[in-house]
Amino acid sequence: MSPSHAKSRPASRSSSPGKPAGKPTRAQKREEKKRRKAGKGPGFLSQIKQVFQMTHKVEPNIGWWMLLLGLGVLLVFLLIGVLLGNWITGLLIGLPFAALAASFLLSRRAERAAFARIEDQPGAAGAALSALRRGWIVEEQPAAMDPRTRDLIFRAIGRPGVVLVTEGPAGRVDKLVSKERRRIGPVIPNVPIHVIKTGKGEGQVPLRELSQRMRKLEKKLTQQEVQTVHKRITTLGNRLPIPKGVDPMRARPDRKSMRGR
């Protein structure tokens, strides 16, 4: 057989430019898995654990209270099952209700613990306003500030009208409140302006009760009127006084401290 008819060796396969050269290694798979987990954030159980740990720092007995409440609810359902002649059904129905009751207690105590952590910090009233539900327009930055005493006024607009939430001693913030009333009053005539003073002193509202107190205010405006009031107040701007020693070209709001973190 002539050399020209000899079988040629099979050509080596070359990877196409559009496809990967080979399968990913185990290390690459682990890294990819870690990136996916980081993108998803903490899971439900991790969030419950974080909330429990935060609450336990303020209320060390929260675990025992949750256990007692869960056992009490479970006992009630178990007794009902015994009276009906089927305690197993009562037990199966009582377990999820017991877990639900314990979770509800944890959420309420966690909210109280969160307010206890931010209390007495600058901007705590503004952070408490963030707990309000739909129907309110809450401004993150303070509406007014006394540069000497560092007293603050935060503003929320809802169907009850305009609510000025103060932060500082009850008697000392009156002057700042009067000034803010004179500033926004002319642009929102006939709109109620409420004042709520937060704090632990006499005549003040604790932070944990702030949202509840605001929800009890009588509704006077429609949702459309709320938007109109917000636009009118926005036209005035928010000119906060700058304390001495601060460069206005470099001043930046500290959002973390304003939110109580």
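The values are calculated or read from the model by the stated rules, or taken from the named source; none is laboratory data. Keep in mind that this is a model prediction, so the values were computed, not measured. All accessible areas refer to the heavy atoms of the entire protein, side chains included, with ligands and DNA or RNA removed. Shrake-Rupley method; radii C 1.70, N 1.55, O 1.52, S 1.80 Å.
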| Mind checking which aspartates and glutamates have their C-alpha under 12 Å from Lys197, skipping anything on the same chain fewer than 8 residues away? | Asp151, Glu167, Asp174, Glu209
| request: Please provide three numbers in whole Å: the alpha-carbon extents of region 115-221 along the principal axes, with the largest listed first. | output: 34, 29, 25
| said: Let me see the P(r) profile for region 98-162: every Cα-Cα distance counted, bins of 5 Å, each bin given as a percent of all pairs. | reply: 4, 15, 19, 18, 17, 14, 7, 4, 2, 1, 0
| task | Give the carbon-plus-sulfur fraction of the accessible surface of region 75-131 in %, rounded to a whole number; probe 1.4 Å, heavy atoms of protein chains only. | result | 71
| remark: For Val205, the residues 5 or more places away or on another chain with a placed amide H closer than 5 Å to its own amide H are Lys197, Thr198, Gly199
| field | Rh by Kirkwood over Cα pairs, then Stokes-Einstein D for region 72-122 at 0.692 mPa s and 37 °C, µm²/s | value | 260
| remark: Check: C-alpha center region 64-99 vs C-alpha center region 138-180, spacing in Å is 49
